[in-house]
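Report on one structure; see the data block that follows.
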Amino acid sequence: MQQDVIRVALDWEVDHIDPPCSFGGWNTGRVVQQMFDSLVEDNLNSEIGAVTSLVPSLAVSHSVSPDGLRYTFRLREGVTFHDGATCDADAVRMNIERMWDTSSPYFDERAFDYNRMAIETLKSVRVSDARTIELELTDPFPEFLRYATQEDAPGAFVMVSPEYIRTNIGKRASAPGTGPYALEKRFETPHGDGALLRRYSGYWGRPAATEFIEFTPIPSGENRSEALIRDSADIVYGPDPSSLDELSRLGFIVSERPIPYVWYIALNINKAPLDDVRVRRALLHAIDRKSLSEELFGSATAPMNGILPPASPSYEPGFPDLYPFQPQRARELLAAAGVNDGFTFTFSIARAGSGQLNPVGIAERIRRNLGNVGIGVDLRINEDWVEYCEDWHQGMNSEVDASEMSWGMSCDVWVEQVLHSRNASPRGFNTGYYHNEQVDKMFDVARRELEPEKRAMLYQTAHRLIMLDAPVIPLLTIRRGLVAHHPRVQGLRFPAQNWHNLSDAWLDRSIGLSARSSS
């Protein structure tokens, strides 16, 4: 076994493996991506294009009615779940009803909550025959298919075994999927649960190239880089940004590609003085995003001027910096808002987690920046990433002014998911309770617009209004080093996404490191 296992280091433990009901961030998403399929999927084998394209998966083909209301899927034949159950139209219907139909005996509130953006406009589900299923929507939602590809978003619009659904109502267990890998076992580590996956011999597609994949949590970026250097890992997610040049010099492969990622701060606009837009703008002017990015993370990150992430359809690379680092302007705005004596800013962060980079280091830089304009920062650090995510989803209480998150999707509806007022926590992921009627209306029109160029223009216009209102503070995006690996790992591609297809990856043990001169 040790000769046919790819060892992957994650930045936190793997949440329970039932993707529609799990919220473990991209750590869990990177695992379940290998185990489960949706009707369509991201093309994770392509490195072409600023945004991932969609390819058939459990549905060998699909059609959409001209009005955008009816999706008809033709399912593959011969697909089985890891427990032997058949993946047919009835199984797909049961999965969808589990997330959507409150009258179903299998309805799961958590699955509904986590996948609401994909199913809230669903009107009906109809099975025509064993291989054909039709979904009818109440309103057009042209990003429906793209949203359905998002692994652990949280939740995932993937199919799990109907036998599992029948026997695990209300439980948190490990579900069988239809993917190239099945769960072999969970195992304990000093930093929480890992997962060992084994190639599924009954997979409908090309068999996985490697027998086993082992995912182990290592919360420290420095330790993850060391795991690569000391040959205790073959692939590492989130290596220490300060180690990237050294890893490259030693001969390791370091990814370099825009991905749908933003490290941002949500502000609790229900709290004074953050309910005053001048105070929110002052915060943005007071934080030196450029220096924070360069001095903490070097070439690994780039400062963000807006909340729309790279590698999403409406991203604007030249989006203007509305809030250049201007401490004096921040002081003027605070004075205009009557906050002459400053205030204490209570900031909730995680110690570590999916794509978290260095939350404590970032927060300390922010504390220094805000202190220069008379604002104190009271840090509240959560030591458990999964717990932090679930608390974050519940929304900020009256004791918290701001909370951080690293997130983003390759679909524009993500920005609606985190900033539309109807998605205010705990019903959605608008954790700061932002409410702007003009922005809401523009979101509502954009999500229904069938013409891609018009839809992008609407999202971009809404984005400008959001940034003028300043309910969030975008800080960073990752541009280099999302993942690094030993050169013996072959077949791994770097798509414009936060997770990867490992089923085509294999180890060529004849390949060693080829260190480059540092001169």
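The values are calculated or read from the model by the stated rules, or taken from the named source; none is laboratory data. What you see is a predicted model; the values in this text were computed from it and never measured. Positions of Cβ are generated from backbone atoms using ideal geometry, with glycine treated the same way; all protein chains shown enter the neighbour counts. Heads up: the accessible areas ignore ligands, DNA and RNA and are worked out on the full protein's heavy atoms, side chains in. Shrake-Rupley method; radii C 1.70, N 1.55, O 1.52, S 1.80 Å.
As a fraction of the 1.4 Å probe accessible area of the chain, surface on carbon and sulfur atoms comes out at 47 percent. Treating each Cα of the range 211-334 as one equal point scatterer and applying the Debye formula with no solvent, the log10 of I(q)/I(0) at q = 0.12 Å⁻¹ comes out as -0.64. Excluding ligands, DNA and RNA, the accessible surface per residue across the range 407-494 is 33 Å² with a 1.4 Å probe. Under the classification rounded if a/c is under 1.5, otherwise prolate if a/b is larger than b/c and oblate if not, where does the range 28-96 fall, given a ≥ b ≥ c as square roots of the Cα gyration tensor eigenvalues? Oblate. Take the Cα of residue 86, go 7 Å toward its beta carbon, and the backbone nitrogen atoms of the range 157-171 under 16 Å from that spot belong to 161-163. Given the chain, report the % of alpha carbon pairs whose separation exceeds 45 Å. Pairs farther apart than 45 Å: 12 percent.
For the range 271-366, the alpha carbon positions stretch 39, 31, 24 Å along the principal axes, listed from largest to smallest.
Note on residue 299 and residue 453: their simple-model spin labels are 3.7 nm apart, each label 7 Å out from Cα toward Cβ. When both the range 395-457 and the range 255-300 are represented by their alpha-carbon centers, they are found 17 Å apart. Remark: spin-label model distance residue 290-residue 120 equals 3.8 nm, labels positioned 7 Å along the Cα→Cβ axis. Each peptide in 471-482, 239-250, 433-444 gets a packing score, the mean of other Cβ atoms within 10 Å over its residues, and the list from highest to lowest is 471-482, 239-250, 433-444. The relative contact order of the chain, computed from alpha carbon pairs under 8 Å that lie at least 6 residues apart in sequence, is 22 percent. Students often get this wrong: which residues of the range 351-371 have the backbone nitrogen under 17 Å from the point 7 angstrom along Cα-to-C-beta of residue 321? Under cut-off, by backbone N: 366, 369-370. Note on the chain: antiparallel DSSP beta bridges, both residues inside, total approximately 75 percent of the bridges counted.
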